[in-house]
Amino acid sequence: MNIAYPLSITDEGLVATTGYSQHIEQLIEQVLFTMPGERVNLPDFGTGITQLIFSPGNSEMVSATQFLIQGALQQWLGNLIQVQAVQVIAVDSTLNVTIQYIVKQTKQPRVASFTR
């Protein structure tokens with residue numbers, strides 16, 4: 001069962017579900033925007049990149065953020081996806097993250113973009 005994120009209830013009173021590809025994208029979003037320590041049973045889960053939204057967008061920070069994201073995705077979703085590329089663009093108070101990956105089960109390349 002692929003539970004939809006964010007958690008919601010259908011009109012029938014059931015937990016909302018989603019398709020496999022969308023579920024993978026939602027898992028990526030959870031890894032990206034969860035702060036380490038936010039999950040009690042998984043204190044190392046997440047990246048903490050939301051703290052970088054107001055940091056200077058120099059090339060060193062962008063490179064470090066890309067490595068941080070790629071490492072976290074490999075650690076937490078490495079059994080589901082193979083990350084091909086990570087692009088991070090910080091403009092003013094907006095962070096744009098684009099992930100190119102292959103879904104291991106279907107062998108399909110996908111691209112997911114997130115903005116905060």
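Take the chain with all the other protein chains still there, run a 1.4 Å probe, and you get 60 Å² of accessible area per residue.
Evaluated at q = 0.11, 0.15, 0.19, 0.23 Å⁻¹, the base-10 log of the normalised Debye intensity for the chain, with identical point scatterers placed on the Cα atoms, takes the values -0.39, -0.70, -1.05, -1.34. Here's how it looks for Ile81: its modeled amide H is under 5 Å from those of Lys104, which are all 5 or more places away or on a different chain. Summary value for the chain: 17 percent relative contact order, contacts being C-alpha pairs under 8 angstrom separated by 6+ residues.
Within the listed set Thr106, Thr98, Thr34, the Gaussian network model of the chain (springs between alpha-carbon atoms below 10 Å) gives the highest mean-square fluctuation for Thr106.
Solvent-accessible area assigned to carbon and sulfur over the range 66-116 amounts to 48 percent, based on a 1.4 Å probe.
The values are calculated or read from the model by the stated rules, or taken from the named source; none is laboratory data. All values reported here derive from a predicted model rather than from experimental measurement. Heads up: the accessible areas ignore ligands, DNA and RNA and are worked out on the full protein's heavy atoms, side chains in. Shrake-Rupley method; radii C 1.70, N 1.55, O 1.52, S 1.80 Å.
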